[in-house]
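Input: a single structure, listed below in structure tokens.
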Amino acid sequence: MARTAVMAALGVVAFLAVEVAAKKWTVGDNKFWNPNVNYTVWAQDKHFYLDDWLYFVYERKQYNVIEVNETNYISCNSNNPIANWTHGAGRDVVHLNVTRHYYLISGDGGGCYGGMKLAVLVEKPPPSPAPAPSKNIARRAFTVSGFAPQFVIPVAVFAAIGLVWDNVVLLFW
Ligand SMILES: *[C@@H]1O[C@H](CO)[C@@H](O)[C@H](O)[C@H]1NC(C)=O
Ligand SMILES: *[C@@H]1O[C@H](CO)[C@@H](O)[C@H](O)[C@H]1NC(C)=O
Ligand SMILES: *[C@@H]1O[C@H](CO)[C@@H](O)[C@H](O)[C@H]1NC(C)=O
Ligand SMILES: *[C@@H]1O[C@H](CO)[C@@H](O)[C@H](O)[C@H]1NC(C)=O
């Protein structure tokens, strides 16, 4: 019975790990998908792993998200798209479900000539060290939620102290 419980718990952990492991990248961060942003610079310090998502936020009447090959990426040619990720709302997601290069441009209206071109290489996630596979997953989960462990842990400790303190106050009040 205990074994079943442990197995179930592991199953939940594995499920949560899968749920949080994929990262959704907002392309351009707070500059979003716009001209005059250098997306080569934006991408250069990042690792894009299999099953991550690119999230494009932009002015839907002016721009779009077209996937092309490398040649057409360099020349800003959207006439032979590999895929059209545009859905019309100015909010598009690209699921990076294959380990390869992805070349994405804004085709019409000069967006690409204004710098709206992004090349990413999608990699296999790094293997987690065998003895403690949960560690890497946890770190990545923290990254996804946007809080570093160094921040989360003190906050959790403060919250715990606060809770204890409130109860002590209640007891004596
Ligand atoms: C973006 O930055 C890279 C690296 O600094 C540079 O090589 C490239 O020319 C820049 N692209 C544009 C469109 O300015
Ligand atoms: C990209 O597609 C064009 C045709 O649209 C082709 O001429 C070119 O060779 C292709 N480039 C690569 C790198 O596959
Ligand atoms: C891409 O799809 C959108 C929405 O379906 C459509 O309006 C647009 O014309 C398409 N663009 C290209 C280049 O296929
Ligand atoms: C990846 O996603 C594309 C577009 O949604 C789909 O056509 C393709 O079958 C997927 N490939 C894999 C290996 O899942």
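For this structure, a couple of remarks:
- Counted by Cβ distance under 14 Å from ARG100, the other residues give a net charge of -4, where Lys and Arg count +1 and Asp and Glu count -1.
- Counted residue by residue at 0.36 nm each, then reduced by the alpha carbon distance between them, the extension gain from GLU70 to ARG91 reaches 5.2 nm.
- Amide hydrogen proximity for TRP25: with H placed 1.01 Å from N in the peptide plane, the residues at 5 or more positions away or on another chain lying under 5 Å are TRP53, LEU54, TYR55.
- Projected over every direction and averaged, the convex hull enclosing the alpha-carbon atoms of region 23-123 yields 5.6 nm².
- You can think of it this way: the chain between ASN77 and ARG100 has 6.3 nm of extra reach, that is 0.36 nm per residue less the Cα-Cα gap.
- Applied to region 23-34, the Karplus parametrisation 6.51 cos²θ - 1.76 cosθ + 1.60 on θ = phi - 60° returns per-residue 3J(HN,Hα) values of 9, 9, 8, 7, 5, x, 6, 7, 9, 6, 9, 9 Hz, with x for Gly and Pro.
- Computed 3J(HN,Hα) for region 84-93, one whole-Hz value per residue from the Karplus formula 6.51 cos²θ - 1.76 cosθ + 1.60 where θ = phi - 60°, is 10, 8, 6, 10, x, 9, x, 9, 10, 10, glycine and proline marked x.
- Charged-residue dipole, Cβ positions (Lys, Arg, Asp, Glu), region 23-123 about Cα centre, Debye nearest 20: 200
- Separation in nanometres of the label points that stand 7 Å from Cα toward Cβ, at THR26 and ASP108: 2.7
- Cβ-based net charge around ASN79, under 14 Å, with every Lys or Arg adding one and every Asp or Glu removing one: -2
No lab work stands behind these numbers, since they all come straight from the coordinates. Since this is a predicted model, take the numbers as computed values, not measurements. Positions of Cβ are backbone-derived with ideal geometry, glycine not excepted, and every protein chain shown enters the neighbour counts.
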